[in-house]
């Protein structure tokens, strides 16, 4: 009986498909990885050979590979480096690093690397722009990675210092998967649009992995946006961190529409505006476990800003948030849509403005704590005449004040 089982096991193993692998340094490709030789043709030939064979892995050993133009990852092919977890940039230990040099001076042009889905993958790779300057403004470049087609993936990727990071918007990129993306995008981090089936973004960390130079931080805190979500049908966003940007997360509409979906464990630190919102789909964006702080960056110092002027209304539900640091306002809502905030803590804000100000639309504010830092008291809540209907109930004010409710406000069961 044991012999039969063994025979069947061997037969199944022999019949199992084997994932083919091509090494960019092996013949006939011959990439050098010395940081000086142009390895573009070696990489592209390996990628194309893998595609011609029906797909597989193009392996990139540790080294610094100069890519003079651009790369295309065909459908079913994975360009895979040595990293199995997100890494911090270290020139002495480069891992599998691609040096991007093309397109300096303009954001228009071919992206450095295009994932030509379906099932094109970038994994375990770092991308570094050796000619980028620590300056304000930095040198513009086209997008570093563009998704093109269904089920493209970025896994454990480090984008050290791109001007524009990941573009999942210009082309349709349904069911994209981003996990373990680290880097310091200098102007825009990750942009999603035209995703007509669920996309997933998780474990993304935008932080000064390249430079803490004052000029660089001044630029990012006055011009850069971490995430832009436009038309995406039920996007799932988990465990993201942004430090030192003008806007942490932008929810807006393109000509294709806006976002609906869910976000959890969102950390936006030292941002001028944590979330800038003009549009969502009517099905709303639901956020849980949100942290927004400011350490002096920018001028507005707003946690969530429901901005006017969008093509549609914004529908936003937030549960379990914390607002603190040098914020002027935790929430400023000027949008005609609907805001719900519950189970949250507003810890620090300026005495000159209300912590939460509702100037338009509809809002439900309930079950929150307003505890001013170091015992400072100031306006906790204000509703402008332009708001349609507001409920403010079961909040704890800790001695902070609220404006006398008007006809458009129902306030009840709030503890002073």
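A short reminder: the numbers here are calculations on the coordinates, not readings from a lab. Source: prediction; values computed, not measured. When we count neighbours, we look across all protein chains shown, and the Cβ atoms used for this are built from the backbone with ideal geometry, even at glycine.
Each 10 Å bin from 0 upward holds the following percent of the Cα-Cα pairs of the stretch 57-107: 21, 46, 30, 3. Taking only the alpha carbons of the stretch 224-416, we obtain Rg and Dmax values of 15.4, 47 Å in that order. Across the stretch 23-176, the volume of the C-alpha convex hull divided among the residues equals 102 Å³ per residue.
Using only Cα atoms, find the angle between the long axis of helix 40-52 and the longest principal axis of the chain, and express it within 0 to 90 degrees, rounded to the nearest 10. Tilt of helix 40-52: around 80 degrees.
Take every DSSP beta bridge whose two residues both sit in the chain; close to 0 percent of them are antiparallel. Going from the residue with the fewest nearby Cβ atoms within 10 Å to the one with the most, 369, 78 rank 369, 78.
If you average the C-alpha positions of the stretch 229-250 and of the stretch 122-194 separately, how far apart do those two centres end up, in angstrom? That distance is 14 Å. Taking other C-beta atoms within 10 angstrom as a stand-in for reagent exposure, 279, 49, 135 fall in the order 135, 49, 279, fewest first.
Between helix 214-223 and the chain there is an angle of about 70 degrees, using the helix long axis and the longest principal axis of the Cα atoms. Per residue, the convex hull around the alpha carbon atoms of the stretch 293-352 comes to 87 Å³. Remark: 232, 362, 107 ranked as 107, 362, 232, counting other beta-carbon atoms within 10 Å and listing the fewest first. Candidates (1) 44; (2) 21; (3) 30; which is the computed percent of Cα pairs over 38 Å apart? Here percent of Cα pairs over 38 Å apart agrees with entry (3). How high is the relative contact order of the stretch 69-214, given as a whole-number percent (alpha carbon pairs under 8 Å, six or more residues apart)? The value is 22 percent.
Translational diffusion coefficient of the stretch 154-280 at 4 °C, 1.567 mPa s, Stokes-Einstein with Kirkwood Rh over Cα pairs, in µm²/s as a whole number. Estimated diffusion coefficient is 91 µm²/s. Within the stretch 240-335, the proportion of Cα pairs with more than 19 Å between them is 35 percent. Compared with the dominant principal axis of the Cα atoms in the chain, helix 2-15 is inclined by about 80°.
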